[in-house]
1. Might you let me know whether region 77-85 holds any residue that is within 30 Å of GLY133 (Cα to Cα), in contact with a Leu (Cβ under 9 Å, 6 or more places away or on another chain) and crowded, with 17+ Cβ neighbours inside 10 Å?
2. Tell me, yes or no, whether region 29-43 has at least one residue that is more than 29 Å from SER142 (Cα to Cα), within 22 Å of the chain's Cα centre (by Cα) and surrounded by 16 or more Cβ atoms within 10 Å (Cβ to Cβ).
3. All but one of (1) in contact with a Leu (Cβ under 9 Å, 6 or more places away or on another chain); (2) among the small types (Gly, Ala, Ser); (3) surrounded by 14 or more Cβ atoms within 10 Å (Cβ to Cβ) hold for SER56, so report the exception by its number.
4. Are there any pairs, at least 6 apart or on different chains, whose C-beta atoms fall under 9 Å, with the first in region 66-92 and more than 12 Å from ILE110 (Cβ to Cβ) and the second charged (D, E, K, R) and surrounded by 13 or more Cβ atoms within 10 Å (Cβ to Cβ), and if so, which?
5. Within region 1-16, which residues are over 12 Å from LEU153 (Cβ atoms), of a type in the set (A, V, I, L, M, F, W, C) and either part of a loop (DSSP other than H, G, I, E, B) or touching a residue at least 60 places away in the same chain (Cβ under 8 Å) (or both)?
6. Starting from residues that are of a type in the set (Asp, Glu) and in contact (Cβ under 8 Å) with a residue 12 or more places away in the chain, keep the ones in region 108-153 and report whichever is farthest from LYS88 (Cα to Cα).
7. Considering each of ASP144, ASP127 in turn, give the residue that is among the acidic types (Asp, Glu) and crowded, with 16+ Cβ neighbours inside 10 Å.
8. Restricting to region 23-34, name every residue that is touching a helix residue (DSSP H, G or I) at 6+ places or on another chain (Cβ under 7 Å) and within 16 Å of GLY9 (Cα to Cα).
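The values are calculated or read from the model by the stated rules, or taken from the named source; none is laboratory data. This structure is a prediction, so every number in the text was calculated from the model and none was measured. Because the Cβ atoms are built from the backbone with ideal geometry, glycine has one as well, and the counts that use them run over all protein chains shown.
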Amino acid sequence: MAGKIKIDGIDKIIIKRLVEDARTPILSIAREVGISGAAIHQRLRKLENSNLMAGSKLILNPKALGYTTTAFVGIFLDSAAMYSSAIKKLKQIPEVVESHYTTGNWAILIKILSKNNEDLMYLLNNDIQRIKGVSRTETFISLDQQINRQITL
């Protein structure tokens, strides 16, 4: 478990460099900390096995693909029992990029990327609000995103 793993200064440098740029060459990090590339690989394996690291990924720029509207949609369900079936349907909508089971007014909070406001309206009216068990939605359009980061060590 991540809470029980011991992380030393070298591990912190490795993680920091890879969080900054996952394509940082292992040998570059090895030279910086003064150990072999094989030792870096062993440490990375240990960190992965501890579940501290959840993999690495290439991040696409949605705007470069024409997705200019980001929205957060609170979904009200008829009953909590509809949660699993609603999530199953939401997973079939490619523009839904995140979902969270929440406390408070909504049962589900989702993040949607759409080409524009018209596409967002179509998704809401024809895909999301037609899901069995969805009683209504509440939509917030993001005007700007200033913070996008991971938690630090």
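1. no
2. no
3. (3)
4. From residues that are more than 12 Å from ILE110 (Cβ to Cβ), the pairs are GLY66/LYS115; TYR67/GLU95; TYR67/LYS115; TYR67/ASP119; THR68/LYS115; THR69/LYS115; THR69/ASP119; GLN92/ASP127.
5. Scanning region 1-16 gives a single hit, MET1.
6. ASP119
7. Of ASP144, ASP127, the one residue that is among the acidic types (Asp, Glu) and crowded, with 16+ Cβ neighbours inside 10 Å is ASP127.
8. Within region 23-34, ILE29, ALA30, GLU32, VAL33 meet the criteria.
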